[in-house]
Amino acid sequence: MTIGSEIIEELRDPMSVSALWERYSARQVAENRAHRITFDWFSLALAALYAMKVVDVSDDGYIRTARVC
């Protein structure tokens, strides 16, 4: 799986970047990954998802999956 797809899986509800990172980081620990993704790579993946319009930011500042019209 790619980082971006894992982020999308964790983004079931709108949430702050820090809450999303906590959920993603906990998933890595639970899966006992030898090579964990750092926040730098996480934020780059999140920025790429935003640039591709897969995620957006709600009026209250939470990250959410984008709506496709």
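Scan region 29-46 for residues that are without any contact (Cβ under 8 Å) to a residue 12 or more places away in the chain and open to solvent by 60 Å² or more (accessible area, probe 1.4 Å) and report the count.
Kept after step one, since they are without any contact (Cβ under 8 Å) to a residue 12 or more places away in the chain, are these residues of region 29-46: 29-36, 38, 40, 44.
Next, only the ones that are open to solvent by 60 Å² or more (accessible area, probe 1.4 Å) stay: 29-32, 34-36, 38, 40, 44.
So the answer is 10.
Collect the residues in region 1-28 that are loosely packed, with under 10 Cβ neighbours inside 10 Å and part of a helix (DSSP H, G or I), keeping them in residue-number order.
Selection gives 18 alone.
Take residue 49 and decide whether it is under 13 Å from residue 4 (Cβ atoms), assigned to a helix (DSSP H, G or I) and open to solvent by 70 Å² or more (accessible area, probe 1.4 Å).
No, not satisfied.
Would you pick out the residues in region 52-69 that are within 16 Å of residue 5 (Cα to Cα) and either touching a helix residue (DSSP H, G or I) at 6+ places or on another chain (Cβ under 8 Å) or open to solvent by less than 60 Å² (accessible area, probe 1.4 Å) (or both)?
Answer for region 52-69, where residues must be within 16 Å of residue 5 (Cα to Cα) and either touching a helix residue (DSSP H, G or I) at 6+ places or on another chain (Cβ under 8 Å) or open to solvent by less than 60 Å² (accessible area, probe 1.4 Å) (or both): 54, 55, 56, 63, 65, 66.
For region 29-46, which positions are in a loop (DSSP other than H, G, I, E, B) and within 13 Å of residue 3 (Cβ to Cβ)?
33, 35, 36, 37, 38
The values are calculated or read from the model by the stated rules, or taken from the named source; none is laboratory data. Computed from a predicted structure; not experimentally measured. For neighbour counting, all protein chains shown are included, and Cβ atoms are generated from backbone atoms with ideal geometry for every residue, glycine included. Surface accessibility is based on the protein's heavy atoms, side chains included, excluding ligands, DNA and RNA. Shrake-Rupley method; radii C 1.70, N 1.55, O 1.52, S 1.80 Å.
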